[in-house]
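The values are calculated or read from the model by the stated rules, or taken from the named source; none is laboratory data. Bear in mind that the values here come from a model prediction, so they are computed numbers and not experimental data. Virtual Cβ from ideal backbone geometry, glycine too; neighbours counted across all protein chains shown.
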Amino acid sequence: MYNVKIKLLHIIDSLGKGGAETLLINSLAYLPYENHLIYLNDECKFEKSLIHARLSCFFFNNRLLKLPFLILRLRKYIKKNEITHIHAHLFWSIILARLACPSRVKLFFTLHNIQSLSSLKRNWARQLERRTFRKKDILIAVSHEVLNDYKTIVKNATGHVVYNFIDPGFFSKKTGNKKDPDTFRLIAIGTLKPQKNYEYMIQVFQLLKKKDEHKITLDIYGDGPLRKNIENLIQQYTLNVELKGTTTGLKNLVPQYDAFIMSSVNEGCPLSVWEAMASGLPALLSDIPVFREVSAGHAVFFDTLNPEDCCNKILEMKKHPGAVSSMKEDGMKWVSSVAQPGQYVQNLSALYNL
């Protein structure tokens, strides 16, 4: 049943298959409001008929000359649809929302990544962020690490941490059907881009090959700009690594593996870590602060400057799977306590009703 007092407008840069976009689209089915959604760039990788909101595209496409026109257009949309709350995601959407938001409308904005390494990496972007920042707007970060990083850029910022959520299907206990019980199968999930550090995994599997460990495999689910480069490296070194592309059936696939691995150099709040932990997989993660936070320490951490460290920890996990059984159980309990859709909606609604 809708909360008729809140008419909520979501604004996001595009609807590509990134973490921020996926979170927003999935959340619309749970938010009990009259939801509107505006995306600024014409990319949409989701089925429009399945999006639980009134959908519009403003066709900004990062053309700055269009910004004044879009400010006026957005103000008209807000007035016509009697919008009471705006929730902006990603850089240009946040800037546009600040410039167009009337004083009577509450503005919320979510930071999904480490800003100093992404949207606010360049000086001009930092200056624009500081000049448009408004203390009265409500800042939401997907992790404490993201919030703390933002405070180093905007000194007077305060905000709230609202963790993301995952598909409830990952919490249902399943027994995976292993193709070969003698094979130790690793799974990685994420866009093929530099941030994910897949070349490190290639180095790890080169070491495993040298150690004659042919019964350890890695399947990578995702696509992106580095696909061709990674394919070439796999072929060049003849590694037990396979690129699986994108898929919609991960909650059924994940339990078929023995462990999850992620070697990112930075993250905001990666859903794939929680999806794997909720499915009962032990997690092998790069030793960065955000992974320590989102796993609550229920993982095995490796040094991204030392592929040998990761290699040895994979071998140890394969040799002694029982040693991580308590870690898996504790990980499942932790994720269940923080990543349920109901908790996300409750936390967000509490802010909307401030």
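Within this structure, SER93 fails the test of being surrounded by fewer than 22 Cβ atoms within 10 Å (Cβ to Cβ), part of a helix (DSSP H, G or I), under 24 Å from the mean Cα position of the chain (by Cα) and small (Gly, Ala, Ser).
Residues that are in a loop (DSSP other than H, G, I, E, B) and either among the aromatic types (Phe, Trp, Tyr) or at positive phi (or both) were ranked within the stretch 24-52; the one that is surrounded by the most Cβ atoms within 10 Å (Cβ to Cβ) is TYR33. Restricted to the stretch 1-23, and to residues there that are in a strand (DSSP E or B) and within 18 Å of the chain's Cα centre (by Cα), the residue that is surrounded by the fewest Cβ atoms within 10 Å (Cβ to Cβ) is LEU15. Only one entry of LYS328, LYS333 meets the criterion of being part of a helix (DSSP H, G or I), modelled with pLDDT of 95 or more and either of a type in the set (D, E, K, R) or crowded, with 17+ Cβ neighbours inside 10 Å (or both), and that entry is LYS333.
Residues that are within 18 Å of the chain's Cα centre (by Cα), among the polar types (S, T, N, Q) and not in a helix (DSSP H, G or I) within the stretch 336-354 comprise just one, GLN340. Filtering ASP258, ASP330 for residues that are out of contact with any Lys or Arg (no Cβ under 7 Å at 6 or more places or on another chain), among the acidic types (Asp, Glu) and outside the structural domain of LEU147 (by TED's automatic domain parsing) leaves a single hit, ASP330. ILE86 meets each of the listed conditions (1) part of a helix (DSSP H, G or I); (2) within 25 Å of VAL4 (Cβ to Cβ) apart from (1). Checking each residue in the stretch 39-70 for being among the polar types (S, T, N, Q) and within 13 Å of HIS10 (Cβ to Cβ) picks out only SER56.
Quick one: which residue in LEU99, LEU31, LEU70, LEU128 is farther than 24 Å from VAL146 by Cα and either of a type outside the set (Phe, Trp, Tyr) or in contact with a Leu (Cβ under 9 Å, 6 or more places away or on another chain) (or both)? Please lay out each step first, then the result.
Details: LEU99 fails: farther than 24 Å from VAL146 by Cα; LEU31 fails: farther than 24 Å from VAL146 by Cα; LEU128 fails: farther than 24 Å from VAL146 by Cα.
When all the criteria are applied, what remains is LEU70.
Just checking, does the stretch 237-260 include any residue being of a type outside the set (A, V, I, L, M), out of contact with any helix residue (DSSP H, G or I) (no Cβ under 9 Å at 6 or more places or on another chain) and under 30 Å from LEU8 (Cβ atoms)? Yes, the stretch 237-260 has at least one match.
Against the test of being among the acidic types (Asp, Glu), modelled with pLDDT of 95 or more and farther than 17 Å from ALA188 by Cβ, the options GLU275, GLU308 yield a single qualifying residue, GLU308.
If you check PHE133 against the conditions, is it of a type outside the set (S, T, N, Q), in the same structural domain as SER56 (by TED's automatic domain parsing) and within 19 Å of the chain's Cα centre (by Cα)?
Details: of a type outside the set (S, T, N, Q): yes; in the same structural domain as SER56 (by TED's automatic domain parsing): yes; within 19 Å of the chain's Cα centre (by Cα): no.
Spelling it out, it is not the case that PHE133 is of a type outside the set (S, T, N, Q), in the same structural domain as SER56 (by TED's automatic domain parsing) and within 19 Å of the chain's Cα centre (by Cα).
Does GLU275 satisfy the condition of being under 26 Å from PRO341 (Cβ atoms), surrounded by 16 or more Cβ atoms within 10 Å (Cβ to Cβ) and among the charged types (D, E, K, R)? For GLU275, the condition - under 26 Å from PRO341 (Cβ atoms), surrounded by 16 or more Cβ atoms within 10 Å (Cβ to Cβ) and among the charged types (D, E, K, R) - is met.
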